[in-house]
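Here the structure comes first, spelled out in C-alpha cells, and everything after it is commentary.
The values are calculated or read from the model by the stated rules, or taken from the named source; none is laboratory data. For clarity, every value in this text was computed on a predicted model and none was experimentally measured. Positions of Cβ are backbone-derived with ideal geometry, glycine not excepted, and every protein chain shown enters the neighbour counts.
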Amino acid sequence: MKILELDVDNISYEMIKPESSVYEPSDKLRESVDDALALLISVERGDDQAVADQAMDDARRFLAQLKRTRVVIYPFAHLSTELAPPKEAMALVDYMYRKMAEGYETKKAPFGWNKALTLRIKGHPMAERSKRYSAAAQQQTQPKEAQIAPKAKPLDRSIVTKSDFAGLPETDHRTIGERLNLFSFQEVSPGMVYWHNNGYIIFNELLKLMREKYQEYGYEEISTPTIANLALWDVSGHLEHYVKEMFTFNADSEQLGLKAMNCPSGILVYKSRKWSYRDLPVRLAEFGTIYRNEISGALTGLFRVREITQDDAHIFAREDQIEEEVTKVLSLMDAVYKRFGFEYRLRLSTMPDDHMGSPELWDRATEGLRRALEANKLAYEINEKDGAFYGPKIDISIRDSMGREWQCATIQLDYQMPHRFGLEYTGEDGKQHMPVVIHKAVYGSIERFIGVMIEHYQGKFPTWLAPVQARVISISETANEFSEKAYKELKSNGVRAELDNSDKTLEYKIRDAQMMKVPYMLIIGKKEVEANTVAVRTRSGGQKFGVKLEDFVEKIRTEIETRVESPN
C-alpha cells in the first residue's frame, strides 16, 4: 500500500465519470473539505487488513500531531503500478473508511471514478508525507544494521534516457521544459532533476536575485553538509516524526542520513560560537539541498521531486526584535514576488489547542506577526488554531497567470528548536537568554518555483531570466562578418546571445528563435551592413528597422540590469 498524507487547507473533487467496471455509485458529484488530513491511497496486490491497520495507526499519530479532526479517504491509483484487483481494493478502502470514521469526521471519495481533484496544501514542512506499507515489511523507526547490498541491476545501454512527456498539455511545464531544453529526468535518478544549461541559467538567475536581496537585508550565506549523523535528527525531532521520509544508511558503524531539513544544520552554525544581545539578529541563509524519500508514483515533474533546493534562512533574534524582523522578511518577499508579477494571499495561523509555551508568550508572538502584517499594509486572513505547536506562522500563497494558487513562502516563529538545541545569547543583564528562530523561505522549493514560473510565463521569460536573450540572424553570406561583430558586441556586454549564420531560410531561422522564446532577434542583411544598423524583431512579431547596434545594446543591458518585464 502506498499513501500520500497531505495536511490540506482544502481538498475538493468532482466526479467526472466511472473509469472502471468496478465503482461505487454516488449521488453527490462534488465534495469540498477544509482543514483535513487527506489520505491518497493506492491499494497494492497482497495488501490486507493488517496492512490497512498499520497505515491507519500511522495516520492517527499524524492526526494527533497536526491536531486535525477531519479525514478524507481518497482512492488514488496513480501511486503504484502493482495495484490490487478493483474489488479487493474497493473493499479495503471501505474498511479503512469505516475504521477511521469511528474516531474522526471522515469522508470517502467514491472508488472507481475519474475525478477532478484540487488540493491546497498547508505550508509547514511536515504537510506532505509519502508512506509505504506491506504485509512482509517490518515497520521501523530506526534504520537496520547494514546488510549485504544486492547487485546493481545492469543498465540497458540501449534505453532512451530522454524524459517521456508525451501526451501532456502544451501548457505543462514538462512539455515547455523539454522544448526549450531546460531539464530532463533520467531513469537512474528518479525524482531528481538533470538541469541542462538553459534551465540552470534560470536556476542561477533566481539565486543571483535572492543573493542580492540577502546583501540588501543583511543576511550571511552559509553552506552545511548534506549528510549528518542521525543524532542530529534525534535532537531536532525529525527522527521521531520523519525518519520514514528520510534516506538513511550505515557507514563505518555510524547511522547517517541525507538531510531532509536545513534548519538543524543552520542551528549548529549558530551554536558554534557565543553571541551577545548586541549581535542579534543573526540572519543565516542557505541554498541547501535536501532529500525526501517520496513515493515514485507521486513524483510530478518539477512540482514534486526527491532532491529539493530551498532558499532557506534562519533568523536568530531576541523576542523584542520579532516584529521588525518579520517586517523585513515580508518586505523582501514582496520585492521578489513583484519581479514576477505574482499576486499573493497571506494567512496568520494562531495558537493550537495543544501547544508549547504560555498563552502570554503566544499572544506576544502572534501580536508581533500581526503588527508586522499591518505595518506593511497587507491584507490577511486569520487561520484559527492552525499554528505550529512551537509558534504562530504566516503562510503565503502566490497566484499565477492562470489564476492558480501555489504555497511557496512561509514565515514561522520557532520556540521549540532553540529549546531542544539549548540556544543562548548573553543579555544586557549579563545572563543567558534563549533566542527565537524565524524560519523563512520565499521560493520554497526552487525546483517547484521554476515549474510554476515556466507555466506562469508559458516559457516567455523576461529578458533577464531568458536562457538566450538575443539571437543574431544573418540573412546572407555577405552579412556574416557584420553579424559576427554584432554577436561579439552583445557577448562582451554580458548579453546571453547566439549567432545563426546557417544557410537555412530566414523564415526558418525566425520561426526557430520564436519556438525557443528568444526575446530579441537581430536580423542583418545587405541593407543593414551598408547602413551599419540592425533590424530588431521581438518574439511576438514586432519589428523595428534601422536600429544602431550600440543603441540596442544599451537598451537590452538596461532591461537586463533592471529586471523589467519584457515588452514582448
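See the values below:
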{"item": "Where K87 falls short, out of the listed (1) without any contact (Cβ under 8 Å) to a residue 24 or more places away in the chain; (2) part of a helix (DSSP H, G or I)", "result": "(1)"}
{"item": "Residue satisfying all of: in region 41-65; in contact (Cβ under 8 Å) with a residue 60 or more places away in the chain and under 14 Å from R129 (Cβ atoms); surrounded by the fewest Cβ atoms within 10 Å (Cβ to Cβ) among these", "result": "Q65"}
{"item": "Residue in region 169-176 that is exposed (fewer than 12 other Cβ atoms within 10 Å of the Cβ), farther than 17 Å from F247 by Cα and either at pLDDT 65 or above or outside the structural domain of I41 (by TED's automatic domain parsing) (or both) present", "result": "yes"}
{"item": "Of all residues making up region 518-536, the number that are within 26 Å of G459 (Cα to Cα) and either within 35 Å of the chain's Cα centre (by Cα) or in a loop (DSSP other than H, G, I, E, B) (or both)", "result": "4"}
{"item": "Criterion violated by E343 - all others in (1) acidic (D, E); (2) farther than 23 Å from D9 by Cα; (3) in contact with a helix residue (DSSP H, G or I) (Cβ under 9 Å, 6 or more places away or on another chain) satisfied", "result": "(2)"}
{"item": "Per-region count, region 375-413, residues modelled with pLDDT of 85 or more and either loosely packed, with under 14 Cβ neighbours inside 10 Å or more than 30 Å from H456 (Cα to Cα) (or both)", "result": "7"}
{"item": "Pick from region 463-481, criterion buried (at least 21 other Cβ atoms within 10 Å of the Cβ) and of a type outside the set (A, V, I, L, M, F, W, C), ranking: farthest from V564 (Cα to Cα)", "result": "S474"}
{"item": "Scan of region 1-56 for residues that are among the aliphatic types (A, V, I, L, M) and in contact with a His (Cβ under 9 Å, 6 or more places away or on another chain), ordered by number", "result": "L40"}
{"item": "Failed item, numbered, when L284 is tested on (1) surrounded by fewer than 20 Cβ atoms within 10 Å (Cβ to Cβ); (2) assigned to a strand (DSSP E or B)", "result": "(1)"}
{"item": "Test: residue in region 220-228 that is at pLDDT below 95, under 16 Å from the mean Cα position of the chain (by Cα) and either farther than 17 Å from H314 by Cβ or not polar (S, T, N, Q) (or both)", "result": "no"}
{"item": "Top-ranked residue in region 498-515 [being without any contact (Cβ under 8 Å) to a residue 24 or more places away in the chain and under 36 Å from the mean Cα position of the chain (by Cα); ranked as surrounded by the most Cβ atoms within 10 Å (Cβ to Cβ)]", "result": "D512"}
{"item": "Scope region 418-452; condition in contact with a helix residue (DSSP H, G or I) (Cβ under 7 Å, 6 or more places away or on another chain), touching a residue at least 40 places away in the same chain (Cβ under 8 Å) and surrounded by fewer than 21 Cβ atoms within 10 Å (Cβ to Cβ); matching residues", "result": "R420, F421, L423"}
{"item": "Those residues of region 79-105 which are β-branched (V, I, T) and out of contact with any strand residue (DSSP E or B) (no Cβ under 6 Å at 6 or more places or on another chain), in sequence order", "result": "T81"}
{"item": "So K488, is it of a type outside the set (A, V, I, L, M), within 13 Å of A470 (Cα to Cα), surrounded by fewer than 18 Cβ atoms within 10 Å (Cβ to Cβ) and at pLDDT 95 or above", "result": "yes"}
{"item": "The listed residue being hydrophobic (A, V, I, L, M, F, W, C) and without any contact (Cβ under 8 Å) to a residue 60 or more places away in the chain, out of V468, V495, V518", "result": "V518"}
